[in-house]
1. Out of the residues in region C:79-96 meeting the condition of being facing another protein chain (nearest Cβ under 7 Å) and of a type outside the set (A, V, I, L, M, F, W, C), tell me which one is nearest to C:Ser34 (Cα to Cα).
2. Of the residues that make up region A:898-907, is at least one within 12 Å of chain C (Cβ to nearest Cβ) and either surrounded by fewer than 10 Cβ atoms within 10 Å (Cβ to Cβ) or in contact (Cβ under 8 Å) with a residue 60 or more places away in the chain (or both)?
3. I'm trying to understand the selection: among the residues of region B:28-64, which are assigned to a helix (DSSP H, G or I), at the interface with another protein chain (Cβ under 7 Å from one of its Cβ atoms) and either free of Cβ contacts under 8 Å to residues at least 12 places away in the same chain or of a type in the set (D, E, K, R) (or both)?
4. Kindly establish whether A:Phe212 is buried (at least 22 other Cβ atoms within 10 Å of the Cβ), more than 20 Å from A:Pro90 (Cβ to Cβ) and either at pLDDT 90 or above or touching a strand residue (DSSP E or B) at 6+ places or on another chain (Cβ under 8 Å) (or both).
5. Which of the residues belonging to region B:157-187 are in a strand (DSSP E or B) and either in contact with an Asp or Glu (Cβ under 8 Å, 6 or more places away or on another chain) or not assigned by TED's automatic domain parsing to the domain that holds B:Phe137 (or both)?
6. Identify the residue in region A:255-291 that is β-branched (Val, Ile, Thr) and either in a helix (DSSP H, G or I) or in contact with a strand residue (DSSP E or B) (Cβ under 8 Å, 6 or more places away or on another chain) (or both) and, among all such residues, is surrounded by the fewest Cβ atoms within 10 Å (Cβ to Cβ).
7. Applying the selection to region A:189-209, what residues are hydrophobic (A, V, I, L, M, F, W, C) and either at pLDDT 90 or above or in a helix (DSSP H, G or I) (or both)?
8. Can you tell me which residue in region B:166-208 is farthest from B:Gly222 (Cα to Cα), limited to those that are of a type in the set (Asp, Glu), exposed (fewer than 14 other Cβ atoms within 10 Å of the Cβ) and over 26 Å from the mean Cα position of the chain (by Cα)?
Amino acid sequence: MSLSAFVSVLQEHGDNVAHAAGSISPTLVWMVPLLPVFGFVFQIFIGQKLPKPIVAFVSCGVVAASCLIAWILFLNVRASHQPIVADIGPWIQIPGFKDGWLSVIARHKLVVDQLTCVMILVITNIGFLIHVYSTGYMADEKRFARYFSYLNLFTGFMLILVMASNVLLMFVGWEGVGLCSYLLIGFWFEKKENAAAGMKAFVVNRVGDLAFTIGALTLFVFLGRQFHVWTIDFEEMKQVILTHKDAIPVGLATFVGIMLFIGATGKSAQVPLYVWLPDAMAGPTPVSALIHAATMVTAGVYMIARLNFLFTLSPTAMAVVTGIGALTAIFAGSIGVAQNDIKKVLAYSTVSQLGFMFMGVGVGAYAAGVFHLFTHAFFKACLFLGSGSVIHGMGGEQDIRKMGGLKSKMPITFWTFLIASLALSGVPPLAGFFSKDEILWQAWSTDKFAGTALAGWYGKLIWLVGATAAACTAFYMTRLVIKTFLDRPKWGTATAFSGGGLPDWMDEEKKKESKKEPPKSGTGPDGMPAWMEDDAIGGDLPQDESMLDLGNVRKKKKDPEPPPPPPKPAHDDESHPAIPSSLLQDESLLDLGAVGRKPKASHEDHGHASDLPHDESMLDLGKVGGHGAPSHDAHDAHDAHAATPHDAGHGHDSGHGHGGHGHGEPHESPFSMWLALVVLAAGSILVGFLGVPAALGGSNRFEHWLSPVTEAHASHGAEHAEKPAHGEPAAHGSEPAKEGHAHNPMEYVLMLVSIGAAFGGIGFAWYIYGKRQGVPAQEFAEKHRELYELVHDKYRVDELYEAAVVTPLLNLNEGTCRFDNEVVDGAVNGAAWVGKKVAGGTGLVDNEVVDAAVNGAAVAIQIVSRRVRRAQTGNIKEYLTFALVGGLFVIALFCLYLTREPLLAKIRELFGS
Amino acid sequence: MEASDIVLNVIFYVLAAAAIAGAVAVAVSKNIVRSAFALLAVLFSAAALYAVMKADFIAAAQVLIYVGGILVLIIFAVMLTHRITDVKLSNESTPGPAAFCACLCLLFSLVVVILFTARWQRESDEVVVRSGGNEVFLRQYQGDGSTGLAFGGAAFEGSVVLGVRVDRPNGDVKYVTFTAVSGKEKPKTVVIPFQLGVTKGALSDLAEGDWHWSAVLSGADGEVAKAESPAARDFTVNRGITKTVARALAGPYLLAFEVVSVLLLAALVGAAFLARKEVRE
Amino acid sequence: MIFTRHPLEHMLLLSAIVFCCGVYTILTRKNAVSILMGVELVLNAANINFVAFSQYTRIGGVHGNVFTIFVILLAAAEAAVALAIIIGMYQNFGKVDVDQADNMKE
C-alpha cells in the first residue's frame, strides 16, 4: 500500500495521541523505526529482482530518511526539553480487569527522550554511513538485496529497542536485533563455521534473554503485588519506584538488577557471555561495525541507563555491574594483546570497551557510560570499517602478521585508522579520552557504595582495573597499527617459505591442514568467492592465531627442520605477494603458526602470504619480498577462513567480492568506503568535545543533556522541563564535586594518570614492535610459554563452556533420546508384541478348537450320511418293504397301547409284583 | 349241522383254496401270463365268495368290472410290455428276506387279531318293555342266534331269532310266543318254552319287508305279559342286497357316487394321455 | 370241521392270506405289471373283508357293500392309470423292470 495510505491508517487507529510541545505527529515518530522495516520488506519481496544500484539506493534511502527524522526529533526535543511521545493505541489491554496482572495495559508507544535521542542519532547516522560503506564493500555479493534487507531490519529493530516505552516493546527490539545479528553473522552460511557462529551468537544471547525476562517479570509482579500498579511502561515504573523508594526491598532490587544485567551481559558481550562476539567476526565487516561495535552491543548499556532508577536502589547490583564490567575490560584487553587477526583484535577491544561502559553505569555514572557508548560508536565503527578496507585492499587477508607497509598503499585508511585507534587509546583531545576518563574518574570518586562493605575501596579498585585495561588497549591498538600499516610489508610476490619450522606445540593446524585442497580462485557459481566454496578450507585455526611467534625458539628445541615447501605461486590468478623464504628464516619470528610450514601444495587461499612466521615481526619494509609458499599454512588459511566454531568465520571478508579484483598489490578502497571512514574519523575527533568535563573548563553538555533521564525524580519526567544544561550548574547531579567550581584535584591527577597510561601503552608497543620488531615479545612468549598459550587460546573459555555446558547437555539429550527409544518404544513395542501373541493364541484357539468343532460336526454328518444314504436305492420295492415294516411296527405299538392294562397285569403277575 | 351248511362249508373251502392258490401263484409265478391268469382265478373266486355271502350285486360287479375290465387291461398290458420271446421268464422276483418276513409278520398279526382278539359277535341290544308289572327285555338276533341284530337293522336272509328276557316274572310263565308281523304277510309264530335268561325263538322264511314282532309270555294262568318291540320296522328282511345298495347309493352315498364317476372320467383321460405315443423325431 | 366258528372269521382269514400274498407280490416282484397285480390282490382281499363284515354282521346297515362297490370302481380307475404309466415306462425304458427305474436313487 502506498505510504500515504499507510500513514492515514495509522492516524485512524491512533486513539491516544500524545503530542509533545513541538507538535510532532506520532506517525512521524513511528516512521523512524518503520521506514527501515519497510526497506526490509521491500528488499525481501522486490529487491532481489532489482539491480544493485536500486537496492542500494532504497536501503540507504530509508535509513537516510530515518536519520533525517531523527535529527528533526532531536532538534525538537532540544528545543522543548520534553520527550516526544508517539502513542498510536493500546497493544495489550484486556477489558474487565481492574487489578491483577491481567489489568496491565501496554501501548504502542514510542518515547523519544534525551537518552533515546542520543541512541537514535547514533544508530541512524552511523547506520547510514555503514549502509553506504556496504554498497562498496558488498558490491560483488550475490545476495546483495538480502544483505541490505537484513541490515535494514536490524536498523528497524534497534530503533524500536531504543524508542520503546515499555519493557515488552523493548524486548521486541531486543530479540529482533538478536535475530538480525544471527542472520547477518551467518550471512555466508555456506561455510559451516559461519552458520555455527551465528548460532552461537543467538544461543548465548538467549541465555541472557532468559535472565532478562525473569528480571523484568519479577519486577512487574512485584510492583503489581506491592503497589497494585501493574505496568510495564518505563515511565510509570519510574514513578512508582521513585515514589515508593523505601518500600522496595533491597534484595528484590538486587535480584532484578542482576537478572537484567545478565541479560545485558548476553547482549553486550560481557563475562561470561561474551564468547559469541569474537566468533561474530565471521560476518561481513560492515556488520561487525554496525552491530557489534556501534549499536547492538550497546543495547545492554542502554537498558541499564534506561532503568537507572531501579539500579540505584541496589548497591549490590551496581557493584556486580561495575565489577563484571571491569573484569571484562581487563580480561578482553589481555586477550586482545595476543591475537593476530585484525578483526579479532577489534572484537576483543569492543568487549573491553563495553566493559568500560558497564563500569561507568555500574558506579552510577549513567551519562558517562552512555557518553562512552557514543564516542566508542564512532571510533570503533571507524576501526572496523578501516579493517574492512584493509582486508578489502589486501584481497581478503586478515592476519596482521602478513600485512605491513600499507601506509603508503592505503593512506586514507591508514590515517583514519590511526586517528580512531588513538581515540580508542584515550589520547587527548580525541573523543575516547574524554569519555574514558570520565568513567575512570566516576569510578574512583563514586559514592554509590557508601554505607556498604565496598565503600571507599571498591571504586578505587575499579579505577585501577580500568586504567590497566586502558593501558592494554593502547598497547594492542598500537601493536595493531604498527603491524598492519607501518611494519615491513610481509606480502609480495610469492616465494617459497623456507623458514624454520613452527614448533609443534604451535602447529596444531599442521595435521588438520593435511586434507585441505587448494582454494579455487575466481567466483564460484553462487557469486561467492571460489575459495569459500570449498568446505575443506578452513579447518581449525584458532590455536595459532594469537601465538606469539616462537618458531625459531621452538625449532631449536624440538623440531627438525620440516622440508621446505616447494616454491610455487600462491594463487593461480591472485598473485598475492608472499614473503620470500629467504627472509623467513632469518628474522626472529613473532608469529608462529602452521604458517607456511606444511609442504602441502594444496592449501592456497588468496590473500595469504604463505609463510609468515619468520618474517612477521619485521618492521623494516625493505625486506619486502614475496614468497609464495604453496603450502599455504593452514595458519594463514585459518586466519583468513573461518575455522573452528570457536573462532568461527572471519575469513569471509577477505573473500567477498574480491574474486574479480585483480590483485597485484594492496590498494585503497573505493570512495563509497573511505567516505565513511573519513566521516567517522572526524567524528572521533570532534564528538569528544560534547562531553568535556567541567574540570577542564567544559560544560559537559552530554551529561547535562542526559540529566533528565539519569536523574531520578519522583515527578513526571515530561513535565520536568529541564533547562538546556549548557552551563546550568544545578543539574542535580550525582557528581557533587564535578559541577560547579570546586574541582577535586584528584580528578586532574587521574586525568594525568589516564594520559600517562595511554601514552605509556603506545610507547611500550612502539618500542617492542616498532623498534625491536617484536623480539622482546617473542622472548617473553618463549619464556612463559604456558602463559602465552593460555592467553592466545583466549583463556580456553570456549573449551570450558564446551566441556561444562555443551557436552553435558548433549549427553543429556543423548540419554533422553536413548530412554525414549529403548524404554518408551520398548514399552510400546512390548505391548504390541504381547498383543500379537495374544492374537496368535486366540487365532490358534479359533482355528484349532472352534473350526475343529465346526468341521467336526460337518465331518460327522458326512460320515453318518454316507452310511444312511445307502438306504436310498431307488428301488421302490425296498421302499415299500420298509414302509410295510414300519407300518407293522406302528400297528404293534398301537395294539400294545390298546392292550396295555391286561399286558401290564400279566407282566406284574409274571414277575410277582 | 344241516346239509346246506355242510355244502356251504365245502363250497367255501373250495373257493378259498382256489383264491389262496391263485394268490400264491400271482406272488410266486415266474411267468407273468401265468400270474395274470392266476389273478383271474382269484378274482373269480372272490366273486363266488361274494355270492356265497349272499352279496349278489357285488359278485356281479366284481365279475363285470374286475374280471371284465381290469384283468383284461392287465393282460393287455402284459402283452404290450413284453416281447413275445421273453414271456416265459418275464416275471422275475427278488424275494428278499425282509419282504418275506414282513409278510409273514403281517399275516401272523392279522391272524392273531382275527382269531383271538376280535369279538365279532355282538350281543343284541335290549329294549325294555313294561307289561303286566314285568320288565321284559327284548332282543333280536341274526339267523345264527348269536349275532345281534340291531333294531332297525336288516336280517340276514329271512331268518331271525327273537329273544326275551324276564328276570322275575310276576306269575308263572311257561311258554313264550313270538309273533312276527309284516305288513302284507301273515304273521309267523313260534312257541318256545320259557327259560330263565334269554329265551330265543327262531323264525325263518320270512318274506322281505319290515317286520314287527311281539312276545307273549304265558303260563298256566294265561297271559302274564305281552311285550311289543318298540316300533315298526324292528328288523328288515332282505333277500339279496341289490335294493339296499341301490338305496344307499342313491341316498347317503350319492355325492360319493358322483365324485367317483368324475374321478373315473379323469382317470381315464389321464391314462389315455399318459399312454400316448410320443412323436419321435 | 376245522373251523367251526363264525363264518365271518373264515372270510377274514382268507382275506388276510390273500392280502399277504398281494403284499408279498408288491414287495418282491420286478415286473411293474406284477406289482399292479399284487395291488389288485390287496384290493380284492380288502373287498372280501368289507363284504364279509357287511353281510355277516349287519352293523349299521349295508355300508360295507357300498364301500366295496366304490373300491371296485376306484380300482378300475387306478388300474387304468397305472397301466398307462407302465405303458409309458415301457416306451421310455424299453422294459418294465422297476429295479431299473431307479432314477431317484441317491
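The values are calculated or read from the model by the stated rules, or taken from the named source; none is laboratory data. Being a predicted model, the structure only gives us computed values, none of them experimental. Neighbour counts are summed over all protein chains in view; Cβ atoms, including those assigned to glycine, are modelled from backbone coordinates with ideal geometry.
1. Looking only at region C:79-96, we keep the residues that are facing another protein chain (nearest Cβ under 7 Å), and these are C:79-81, C:83-88, C:90-91, C:96.
From the residues that got through so far, the ones that are of a type outside the set (A, V, I, L, M, F, W, C) too are C:88, C:90-91.
Values: C:Gly88: 16, C:Tyr90: 14, C:Gln91: 18 Å.
Taking the candidates together, the pick is C:Tyr90.
2. No: zero hits.
3. Within region B:28-64, just B:Ala61 meets the criteria.
4. The answer is yes for A:Phe212.
5. Of everything in region B:157-187, those that are in a strand (DSSP E or B) and either in contact with an Asp or Glu (Cβ under 8 Å, 6 or more places away or on another chain) or not assigned by TED's automatic domain parsing to the domain that holds B:Phe137 (or both) turn out to be B:Val161, B:Arg165, B:Ser182.
6. Step one: filter region A:255-291 for residues β-branched (Val, Ile, Thr), giving A:256, A:258, A:262, A:265, A:271, A:275, A:285, A:287, A:291.
This time we only want the ones that are either in a helix (DSSP H, G or I) or in contact with a strand residue (DSSP E or B) (Cβ under 8 Å, 6 or more places away or on another chain) (or both), so: A:256, A:258, A:262, A:265, A:285, A:287, A:291.
Details: A:Val256: 25, A:Ile258: 19, A:Ile262: 23, A:Thr265: 26, A:Thr285: 31, A:Val287: 31, A:Ile291: 27.
Out of the qualifying residues, it is A:Ile258.
7. Hits for region A:189-209 are A:Ala195, A:Ala196, A:Ala197, A:Met199, A:Ala201, A:Phe202, A:Val203, A:Val204, A:Val207.
8. B:Asp167
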